[in-house]
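Heads up, the thing below is written out as structure tokens.
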């Protein structure tokens with residue numbers, strides 16, 4: 001009985017009277033954002049790598065198809081009801097949608113509103129589609145229209161050499177992330193581990209949503225932890241279909257010159 005009262009008290013303390021998200025709700029929302037972004041972050045081919053590329057790609061397809069989102073579960077039976085109530089609040093507030101099975105939430109998807117709020121909570125680290133994505137998408141379409149090859153290597157997109165550790169140009173990759181998470185750009189990899197971006201067709205641009213939310217450094221830390229924890233988990237997944245494989249794009253054969261406007265095809 002005492003434990004039940006403690007849970008009720010905790011919920012009451014987290015409740016807000018003005019309709020804004022409670023601290024606990026905000027934490028849950030940012031956690032989903034970090035994990036979803038980790039799922040969509042570019043995969044880089046590595047020779048002899050044990051990373052289950054095919055399974056991660058399959059999860060990406062399922063997310064965009066709306067069949068399976070970010071898996072959610074409470075840590076232990078004691079927290080099940082609290083976690084369930086939290087998810088239902090976020091659903092009722094229009095922050096997430098969910099896939100149910102046997103009456104239980106199996107996985108969740110961020111709504112446009114939920115993503116806007118979560119990104120604002122994290123702060124300037126993250127960009128919205130209408131801050132950076134529209135510029136990146138326009139550049140990709142420009143490069144694709146000027147050549148016979150629709151996929152653009154990251155070095156051509158950013159106009160800089162991308163050699164060494166990809167972490168050194170994460171700031172650039174974060175600019176394209178809103179395009180990847182909305183499905184309007186697809187990321188592949190060549191055999192050298194370079195990210196290659198292709199603008200999709202028939203995908204609507206996400207709506208522009210302005211929210212009034214105060215950034216919090218704690219949420220920035222939480223986002224990074226959720227992102228890296230999810231990334232580590234994805235790299236250890238078991239492949240559901242052992243016959244499925246991902247074939248990287250060739251490092252040569254489609255040529256660097258094909259990325260330049262046709263009048264410059266002799267440029268090296």
Which helices (runs of 4 or more DSSP H) sit wholly inside segment 154-250 and have at least 3 residues that are surrounded by fewer than 16 Cβ atoms within 10 Å (Cβ to Cβ) and free of Cβ contacts under 8 Å to residues at least 12 places away in the same chain? 217-234
Yes or no: segment 120-128 includes at least one residue that is surrounded by 19 or more Cβ atoms within 10 Å (Cβ to Cβ) and touching a strand residue (DSSP E or B) at 6+ places or on another chain (Cβ under 9 Å). no
Subset of segment 98-130, residues under 16 Å from the mean Cα position of the chain (by Cα) and free of Cβ contacts under 8 Å to residues at least 40 places away in the same chain, comes to 107, 111
Residue, modelled with the highest pLDDT, within segment 55-77, restricted to residues that are farther than 30 Å from residue 250 by Cα and not in a loop (DSSP other than H, G, I, E, B): 70
If I ask for residues that are in contact (Cβ under 8 Å) with a residue 12 or more places away in the chain and surrounded by fewer than 18 Cβ atoms within 10 Å (Cβ to Cβ), which ones from segment 65-77 would you list? 66, 67, 68, 71
Output yes when any residue across segment 209-223 is closer than 22 Å to residue 56 by Cα and modelled with pLDDT under 95, and no when none is. no
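Results for (1) surrounded by 20 or more Cβ atoms within 10 Å (Cβ to Cβ); (2) assigned by TED's automatic domain parsing to the domain that holds residue 192; (3) at pLDDT below 95; (4) closer than 24 Å to residue 174 by Cα, shown as yes or no for each residue.
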| residue | (1), (2), (3), (4) |
| --- | --- |
| 5 | no, no, yes, no |
| 8 | no, no, yes, no |
| 35 | yes, no, no, yes |
| 42 | no, no, no, yes |
| 53 | yes, no, yes, yes |
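The values are calculated or read from the model by the stated rules, or taken from the named source; none is laboratory data. As the structure is a computational prediction, the values presented were derived from the model and not from experiment. Every residue, glycine as well, gets a Cβ built from its backbone with ideal geometry; the counts of neighbours run over all protein chains shown.
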